[in-house]
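Below: the structure, in structure tokens.
The values are calculated or read from the model by the stated rules, or taken from the named source; none is laboratory data. All values derive from a computational prediction rather than experimental measurement. Please note: Cβ atoms are built from the backbone with ideal geometry, for glycine as well, and neighbour counts cover all protein chains shown. Note: accessible area is taken over every heavy atom of the protein model, side chains too, but ligands, DNA and RNA are not part of it. Shrake-Rupley method; radii C 1.70, N 1.55, O 1.52, S 1.80 Å.
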Amino acid sequence: MERFRVVITDCDHGSIEEEKGELERIGAELILAQAQEESDLIRSCKEADGLINQYSILSRKVPESLPKCKVISRYGVGVDSVDLKAATELGMIVANVPDYCMDEVADQTVAMILALIRKVVFFDQRVKAGVWDFREGIPIHRIRGRTLGLIGCGRIGLEVARRVSGFGVKVIAFDPYLAKAPAGIELKDFDSVLKESDMISVHCPLNQATRHLIGEPEFGKMEKKPIIINTSRGPIVDEEALTRALDQDLVSGAGLDVLEKEPPGSGHPLLSRSNVVLSPHISFYSVESISELKRRTAKNVADVLAETWPGSVVNSDVRGKTRARFI
């Protein structure tokens, strides 16, 4: 029987040992193409039974040129790089790994909350500049008894809520897709979350409805001068409006792991602010999360080729018309 061929279109992980381990169980051949251009992708993948994809854009012409391909598995959550409509029409399953870094993103969120409330970064910079004076950072308020507002209360939001509850923080949330409040969280409408929160943390996906979800009108509704945390997607928060809100003392600070443009230009107005903590889109990362991501991305492909429905399918309407057979 001819071996399955699986092609990794591109990846920057430095090793593909986890992927090899998963695909060896079905005897598949694994090829790392490192292709970016459409013509190179088609040439490298034309005999593939399955693809693993990181950044390369799989526009319609690519899946249309792959007669044997049954599954495309994306490293991570987003599937922006894949033409979902074309893949579905062709009977290709598109799979992802939506929950590999829940702990890491939740940890980063809480780290930013604590760093801002306790002014850790500010004091670190002052001490290193030769200034040993706690009064430069006053006032600092106790975290116990404060209110965290979640914008989006999916799996990561729930993990954040679980962590901050240990600090004696009340958690409220806005999520239009939740009909029932999770334990320990009070569901509110959007404006109420803006009005009542001491801290606001963004955990919703980026789409047309959520782009600039938090902008000038929303900052104007924040009565408690909250800190703003965004570990989701940069364009959900209007950075120009955030800058003005900081200037006008409508918010107390911001912790941003994501920006509208990454990396920011050298003159970005948020770079020089002592009450803004920035990190380079790192919240997904740990040694363990990347290892899990690589293994589970490959497992999606191995499952399909072994005639088993994979754990997370993005284009679920492909069911019943797939190229792959299922037991």
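Summary table
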read-out: Residue selected from region 130-180 under the condition under 23 Å from the mean Cα position of the chain (by Cα) and assigned to a loop (DSSP other than H, G, I, E, B), by the criterion nearest to ASP103 (Cα to Cα); value: GLY154
read-out: Every pair of residues 6+ apart whose Cβ atoms lie under 6 Å, when the first sits in region 298-327 and is more than 19 Å from ILE8 (Cα to Cα) while the second is open to solvent by 80 Å² or more (accessible area, probe 1.4 Å) and not hydrophobic (A, V, I, L, M, F, W, C); value: GLU307/ARG325
read-out: Qualifying positions in region 309-324 - surrounded by 14 or more Cβ atoms within 10 Å (Cβ to Cβ) and either of a type in the set (Gly, Ala, Ser) or out of contact with any helix residue (DSSP H, G or I) (no Cβ under 6 Å at 6 or more places or on another chain) (or both); value: TRP309, GLY311, SER312, VAL313, VAL314, THR322, ARG323, ALA324
read-out: Single residue of ILE282, ILE327, ILE290 found to be closer than 20 Å to LEU256 by Cβ and either at pLDDT below 95 or open to solvent by 20 Å² or more (accessible area, probe 1.4 Å) (or both); value: ILE282
read-out: Given (1) under 23 Å from the mean Cα position of the chain (by Cα); (2) buried (at least 24 other Cβ atoms within 10 Å of the Cβ), index of the condition GLN54 fails; value: (2)
read-out: Residue satisfying all of: in region 196-219; under 17 Å from the mean Cα position of the chain (by Cα) and hydroxyl-bearing (Ser, Thr, Tyr); least open to solvent (accessible area, probe 1.4 Å) among these; value: SER201
read-out: Selection count, region 255-276, where residues are over 18 Å from the mean Cα position of the chain (by Cα) and either buried (at least 18 other Cβ atoms within 10 Å of the Cβ) or touching a residue at least 40 places away in the same chain (Cβ under 8 Å) (or both); value: 3
read-out: Residue satisfying condition, being under 30 Å from THR147 (Cβ atoms) and either in contact with a helix residue (DSSP H, G or I) (Cβ under 8 Å, 6 or more places away or on another chain) or buried (at least 18 other Cβ atoms within 10 Å of the Cβ) (or both), within set ARG118, ARG126; value: ARG126
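Rundown of residues vs (1) among the acidic types (Asp, Glu); (2) open to solvent by 60 Å² or more (accessible area, probe 1.4 Å); (3) within 22 Å of TYR100 (Cα to Cα); (4) under 22 Å from the mean Cα position of the chain (by Cα), yes/no style:
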{"position": "HIS13", "(1), (2), (3), (4)": "no, no, yes, yes"}
{"position": "GLU19", "(1), (2), (3), (4)": "yes, no, yes, yes"}
{"position": "LEU30", "(1), (2), (3), (4)": "no, no, no, no"}
{"position": "ILE42", "(1), (2), (3), (4)": "no, no, no, no"}
{"position": "CYS45", "(1), (2), (3), (4)": "no, no, no, no"}
{"position": "ALA48", "(1), (2), (3), (4)": "no, no, no, no"}
{"position": "PRO63", "(1), (2), (3), (4)": "no, no, no, no"}
{"position": "ARG74", "(1), (2), (3), (4)": "no, no, yes, yes"}
{"position": "VAL82", "(1), (2), (3), (4)": "no, no, yes, yes"}
